[in-house]
Amino acid sequence: MTWSEMQPLLEQASWDTLYMVGWSALIAVAAGLPLGIVLVLTDKGGLLANTVANKVIGQIVNITRSMPFIILMVALLPFTKAITGTTIGREGAIVPLAIGAIPFFARLVETSVREVDGGLVEAVQSMGGSTWTVVRKVLVPESLPSLIAGATTTVVALIGYSAMAGTVGAGGLGDIAIRYGYQRFETEMMWITVGVLAGVIAVIQFAGDYSARALHRRGRGGPAPRLRLLKASRTADALTVANTTGAFEATGAAPATRPVKAD
């Protein structure tokens, strides 16, 4: 095939891949973020500790994650048909791509949120903050760089899933590689497709890493830094009280008390 013949095929396939990956990534982030936070909150010692709910949700996530994408895509054909009205093309691929990516991203969110300093959570609770306040003011802002890195990893994985989806009629670059590169022995088309996929992944990975580093350097700029100061001041106050009490106990003196004015 000449370049003039390959170019329109590659352009359309690239847009189809970006369309599938874009929509499925948005759905995965929108559903996986709260799911991952719920896994943390309902765990033992969490703010909404519920062992039964945590185990049930965790098992569903594990089963979905362990299923190979090709099998998941075939198993979801009736559900995909009911949602989109078709099981082929880029619209037919979005549903299984999103469902496959939701538990993947949820586990990444869970890992990121668990790394948040528990002292910040306690600081918000001591000020009367609700669970929603803790999530909104501490857990998400503090884990945001790690969440962006997890979202980047999810998008890269979705690109690989979309290439596999091309083998069953989903379109995109995977479909071009199979139909032309493998079935028609167009080796040149195969390697060009691989190069395009590698280039897209490199750009996405660079953008995600840059955003995560930028947020980390900036310190998020939200309420969490102020909470760190509150935590530090409270720790300093506690140490001062402890040292003062210890000094009085060592000397046998009693701490000074304010005189009470008689009526």
Item to check | Members of segment 208-221 that are open to solvent by 30 Å² or more (accessible area, probe 1.4 Å), modelled with pLDDT of 85 or more and not aliphatic (A, V, I, L, M) | outcome: Asp209, Tyr210, Ser211, Arg213
Item to check | Scan of segment 163-176 for residues that are assigned to a helix (DSSP H, G or I), within 21 Å of Ile71 (Cβ to Cβ) and not charged (D, E, K, R), ordered by number | outcome: Ala163, Met164, Ala165, Gly166, Thr167, Val168, Gly174
Item to check | Options Leu26, Leu76, Leu10: the member that is among the hydrophobic types (A, V, I, L, M, F, W, C) and touching a residue at least 24 places away in the same chain (Cβ under 8 Å) | outcome: Leu10
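Here are some residues: Arg107, Arg136. Which one is basic (Lys, Arg), under 24 Å from Gln59 (Cβ atoms) and open to solvent by 40 Å² or more (accessible area, probe 1.4 Å)?
Only one candidate passes the filter, namely Arg107.
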Checklist entry - Does Val52 satisfy being over 23 Å from Gly169 (Cα atoms) and not aromatic (Phe, Trp, Tyr)? => result yes
Checklist outcome for this item: Looking across segment 82-93 at residues that are open to solvent by 20 Å² or more (accessible area, probe 1.4 Å) and of a type in the set (A, V, I, L, M), the single one that is nearest to Asp43 (Cα to Cα) is Ile83
Item to check | Meets criteria (under 21 Å from Ile201 (Cβ atoms), open to solvent by 20 Å² or more (accessible area, probe 1.4 Å), modelled with pLDDT under 90 and in contact with a helix residue (DSSP H, G or I) (Cβ under 9 Å, 6 or more places away or on another chain)) for Ile70 | outcome: yes
Checklist outcome for this item: Screening Leu158, Leu197, Leu173 for residues that are crowded, with 20+ Cβ neighbours inside 10 Å, closer than 17 Å to Ala98 by Cα and under 31 Å from the mean Cα position of the chain (by Cα) leaves only Leu158
Item to check | segment 41-64: number of residues that are in contact with a Ser or Thr (Cβ under 7 Å, 6 or more places away or on another chain) and not hydrophobic (A, V, I, L, M, F, W, C) | outcome: 3
Next on the checklist: Name the residue that is least open to solvent (accessible area, probe 1.4 Å), counting only residues in segment 118-127 that are under 23 Å from the mean Cα position of the chain (by Cα) and within 20 Å of Val38 (Cβ to Cβ).
Outcome noted: Leu120
Item to check | Residue list for segment 1-55, restricted to those being open to solvent by 60 Å² or more (accessible area, probe 1.4 Å), assigned to a helix (DSSP H, G or I) and of a type in the set (Val, Ile, Thr) | outcome: Ile27, Thr51, Val52
Checklist entry - Only one of these conditions is not met by Pro78: (1) surrounded by fewer than 13 Cβ atoms within 10 Å (Cβ to Cβ); (2) outside any helix (DSSP H, G or I); (3) over 24 Å from the mean Cα position of the chain (by Cα). Which number is it? => result (2)
Next on the checklist: When the residues of segment 155-207 are narrowed to those that are among the hydroxyl-bearing types (Ser, Thr, Tyr) and within 21 Å of Ala93 (Cβ to Cβ), which ends up modelled with the lowest pLDDT?
Outcome noted: Thr167
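The values are calculated or read from the model by the stated rules, or taken from the named source; none is laboratory data. Everything quoted here is computed from the prediction, not taken from an experiment. All Cβ positions, even for glycine, are placed from backbone atoms using ideal geometry, and neighbour counts span all protein chains on display. What goes into the accessible areas is simple: the full protein's heavy atoms, side chains included, and nothing from ligands, DNA or RNA. Shrake-Rupley method; radii C 1.70, N 1.55, O 1.52, S 1.80 Å.
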